[in-house]
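For reference, the structure discussed in these notes is given below.
The values are calculated or read from the model by the stated rules, or taken from the named source; none is laboratory data. What you see is a predicted model, and the numbers here were worked out from it, not measured in a lab. Here Cβ is always computed from backbone atoms with ideal geometry, including for glycine, and neighbour counts include all displayed protein chains.
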Amino acid sequence: HIAFLELVIDPTGTLVFEAEAGGAGLMQRPPRRAQEPLLSRRHMLLSVLQGSCITAGVMALYALALAQGWAPAAAATAAFVCLVVANGVLILPSRADHWRQPLLRGLPGVSMVVLGGTLAALLLVTLWAPLAQAFGFAVLGPLPWLLSGACGVVLLPVFLMNKRFLARVNAA
């Protein structure tokens, strides 16, 4: 599972965010001061907040699946689907400068390829028995898979609210 996450998250971070165009006037801005941290307190807090929301969503899905009588392997696979989808969805508000910015505006083609490839790989390793077995996943049916993926997508408004909340806190 960790190997799959590494195969998905590392290229996503590299390809998606590196393909982004720089902001207007980027080359006219002065360089960062040497004493200034690479990550601001706001960015670190946002990262912890977003990661905590993903963790809570994945854990809630896992607990709910077990409570509904799912086999532990199926519940773990559902949680993994939610985790990967939530991380893919998190890319959209993370690339926007402002919480009100349209999420798909200016999305580079390479980003769509990476997200589509991630989705295709996730489908293969969780729906095709030989690959699912190789990765230690249970094969999910279409409905459990869609519900698990939807749990990841549902976190998008939460990610946007977190970003808006921190923008208000910084403005105050």
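Some observations on this one:
- Scanning region 123-136 for residues that are touching a residue at least 60 places away in the same chain (Cβ under 8 Å) and closer than 18 Å to Ala86 by Cα gives a single hit, Val125.
- Of the helices (runs of 4 or more DSSP H) that lie entirely inside region 70-168, those containing 1 or more residues that are of a type in the set (Gly, Ala, Ser), at pLDDT below 85 and surrounded by 14 or more Cβ atoms within 10 Å (Cβ to Cβ) span 72-95, 109-127.
- Test: residue in region 21-28 that is farther than 29 Å from Gln133 by Cα, of a type outside the set (Gly, Ala, Ser), modelled with pLDDT of 75 or more and surrounded by fewer than 13 Cβ atoms within 10 Å (Cβ to Cβ): yes
- Filtered residue count, region 64-78, keeping only those that are without any contact (Cβ under 8 Å) to a residue 12 or more places away in the chain and either under 23 Å from Leu156 (Cβ atoms) or among the polar types (S, T, N, Q) (or both): 2
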